[in-house]
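The values are calculated or read from the model by the stated rules, or taken from the named source; none is laboratory data. Computed from a predicted structure; not experimentally measured. As a convention, Cβ positions derive from the backbone with ideal geometry for all residues, glycine included, and neighbour counts pool all protein chains shown.
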């Protein structure tokens, strides 16, 4: 049996899960299934490839450098989340709340951002090639010349 804890940025335990062959991906998915508030969770560099994080509450979470390739984050709350250098290639961010999120140097190649709230998001040097930005809220987007579309 393997126990994995999810801690917040203050190093307090938010959730823990024990099972055989446990992974951070499985632990986070279980927390989301149970509607655990993962605000301020420290998931820096976590391997969450293909994770089902539908409607996850990840506001102000540290996801810097996390691997979220093909993760399902549709309708997730990522308000003020730190996603700098995160791999979000092919991720489903349909109607996700990314208000004031830090997506600096994030790879969003082919991501579904349809209807996402990107107000005041930092997309400096982010890769948005082939991303679906239809109906995304880009009002007051912090947009620099180094965003790759």
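Observations on the structure shown:
- Any hit, region 56-78, residues being surrounded by fewer than 18 Cβ atoms within 10 Å (Cβ to Cβ) and not in a loop (DSSP other than H, G, I, E, B): no
- Checking each residue in region 15-29 for being crowded, with 17+ Cβ neighbours inside 10 Å and either under 16 Å from the mean Cα position of the chain (by Cα) or touching a residue at least 24 places away in the same chain (Cβ under 8 Å) (or both) picks out 24, 25, 27, 28, 29.
- On inspection, residue 39 passes the criterion of being surrounded by fewer than 19 Cβ atoms within 10 Å (Cβ to Cβ) and either in contact with a helix residue (DSSP H, G or I) (Cβ under 6 Å, 6 or more places away or on another chain) or farther than 14 Å from residue 93 by Cβ (or both).
- For region 92-117, the tally of residues that are within 23 Å of residue 8 (Cβ to Cβ), part of a loop (DSSP other than H, G, I, E, B) and in contact with a strand residue (DSSP E or B) (Cβ under 7 Å, 6 or more places away or on another chain) stands at 5.
- Complete set of residues in region 2-28 that are at negative phi and in a loop (DSSP other than H, G, I, E, B): 9, 10, 12, 20, 22, 23
- Test: residue 23 is over 18 Å from residue 51 (Cα atoms) and modelled with pLDDT of 95 or more: no
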